[in-house]
Amino acid sequence: MDHSRVPVLEALEEFRRRGDVVYGPPGHKQGLGADPRVVDIVGEGVFASDVLSLNGLDDRRESQGVLAQAQELMADAVGAEQAFFSTCGSSLSVKTAMLAVAGPGEKILISRNAHKSVIAAVIVNGVQPVWVHPKFDTERHLAHPPEPDDVRRALAEHPDAKGMLLITPTDWGSCADIRGVADVCHGRDVPLIVDEAWGAHLPFHPGLPAWGMDADADLVVTSVHKMGAAIEQSSVFHLQGDRVSPEVLEQREDLLGTTSSSSLVYATLDGWRRQMVQHGHGLLDAALDRASRIRKAVTALPGLRLMGQEVIDQGLTAELDLLKITIDVRDLGISGMQAAEWLRAHCHVDVGSSDTCRISGQITHADDERTENLFIDSLHRLTDHAGTIGKRPRVRLPEPRALQLEQAMRPRDAYFAPAEHVPADRAAGRIAAETISPYPPGVPVITPGEVITPAVIDYLRSGAEAGMLLPDAADPTAASFRVTAR
């Protein structure tokens, strides 16, 4: 296919060239009614390019096939049979993917290190999750993706499961053996969905971990805004084979998705695909070289422990995305949360993720010599000044097995059940009626229907006291918990 073409951008350019006057949404009329104070900050182009698809980028019947052409080009670029754009982020896309595979009351295997959006899908859909627990890294207090044998055991115990949802790469860069998991699933003739939100760049360079479509996954969801160059909420479904019906997938997306799709998202998805096909290998070559230099510099800094090849050598994960710079800071006597706050306040550097133990920064094709040097210099400053950072209460980290809670009720049933709030000292043994996810990265410690334990209460309470963010908890201080009523 001709990847110099960008159907959405071409349609947008033609719309602006014609000078169409629109008597429908959006109400700002391509910026004519926008507050100049807003335009001064976000720019005229944002409003000028905010155009409806119907009677805008395309005609009333979509007879020009603008979006369809862009999606065909995306599929061709990444080796999928079909691709569908979503303007609601992969949080919605993963819900759609699950709805396309399993319905209310049906079972689906899910990596327990899933993002909170997956748990929301379980609640909305009413499926029965079969948790496949990740590979716990006790030394790093980190969850890596589950292995094929974990999936094989789960399918043997639940032969009626409709499919598997695998999360890879993780927020910290560790990657699953996708092909191995796909082989297990296909041996049972069930589809493998891969939540590859952090992997939109993977198809475009052989030095990166395996891309889901190349590794035989049936349905892959990517967030192009994460490691690519499209704007926030840019998400794509990639589909191959016949285990997931494209018709069903499109209808489920129509059920959940917006009827006011953003042309800005479509346009930047289209442009990013062209950029990657034409220049992606060279751009990612440069990014990998840059990341290699940063990683070398980090290993020379006292008190910082870089996650690298050793996690593969130790059998903890199949692959590692080297563009993710994951650094344990505990030897500095501070938490990752404190490190993130210090870097923002003193260096104007915002890291991607932070938790009790570590920080993570991502390198993409957008980085240059300035951002490379800034990152290294800022980490130098952090190690030099760590002793001046005030002490916070210690987070009491549970043993990995203590995070494998009993699922006493189906998540949907518990979430919508009559509920009450109980003090933390009376919550042990009760069934959670809420999701509680330290954020970022947003992997729930508790999901609805799980039995709350003393170890988890202790972890969340001490974490909140140390600055952990619990944005979805009814009580973000973890002094009380929302539980099903007795």
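A few comments on the model shown:
- Amide H contacts under 5 Å for GLN128, placed H, 5+ residues apart: GLY105, GLU106, LYS107, ILE108
- Computing FRET efficiency as 1/(1 + (r/R0)^6) for GLN309 and HIS346, where r is the C-beta to C-beta distance and R0 is 22 Å, gives about 0.10.
- Theoretical gain in end-to-end length, SER292 to GLU399 [0.36 nm per residue, Cα-Cα removed]: 35.2 nm
- Packing-based ranking, highest mean first, of 446-452, 332-338 given that Cβ atoms within 10 Å are counted: 446-452, 332-338
- Of all DSSP-defined beta bridges confined to the chain, some 70% are antiparallel rather than parallel.
- Just so you know, the Cα atoms of the chain work out to an Rg and Dmax of 23.1, 67 Å.
- Each peptide among 209-221, 2-14 gets the average number of other Cβ atoms lying within 10 Å of its residues, and from highest to lowest they stand as 209-221, 2-14.
- Estimated 222 nm signal from helices in the chain, with DSSP H stretches of n ≥ 4 weighted -39500 (n - 2.57), rounded to 500: -11500 deg cm²/dmol
- The Cα center of the range 436-453 and the Cα center of the range 201-253 differ in position by 26 Å.
- Each label was represented as a point 7 Å from its Cα along the Cα-to-Cβ direction; for PHE416 and ALA300 these points are 6.0 nm apart.
- Theoretical FRET efficiency, 1/(1+(r/R0)^6), r = Cβ-Cβ of ARG153 and ALA485, R0 60 Å, to 0.05: 0.95
- Among beta bridges from DSSP that stay inside the range 7-274, the antiparallel ones total about 50%.
- The count of lysine pairs in the chain that are at least 8 places apart or cross chains, and whose C-alpha atoms lie under 17 Å apart, stands at 7.
- Ranking ALA473, HIS421, THR484 by Cα position along the charge dipole of the range 400-484, where only Lys, Arg, Asp and Glu carry charges on their C-beta atoms, puts THR484 farthest toward the positive end.
- The calculated FRET efficiency for the pair ALA428 and THR138, based on their C-beta separation and a Förster distance of 30 Å, comes to about 0.80.
- Only helices reaching 20 angstrom along their own axis (Cα) with mean Kyte-Doolittle hydropathy no lower than -1.0 count here, and for the DSSP H runs of the chain these are 263-299, 369-385.
- One chain, two ends: TYR23 and SER260. Fully extended at 0.36 nm per residue, the span grows by 83.8 nm beyond their Cα-Cα distance.
- In the range 157-249, the DSSP beta bridges split such that about 40 percent are antiparallel, to the nearest 5.
- Net charge of Cβ neighbours under 13 Å - reference LEU142; Lys, Arg +1; Asp, Glu -1: 0
We did not get these values from a lab; they are worked out from the coordinates using the rules stated. Just so it is clear, the structure is predicted and the values come from calculations on it, not from any experiment. Heads up, the Cβs are rebuilt from the backbone with ideal geometry, glycines too, and the neighbour counts pull from every protein chain shown.
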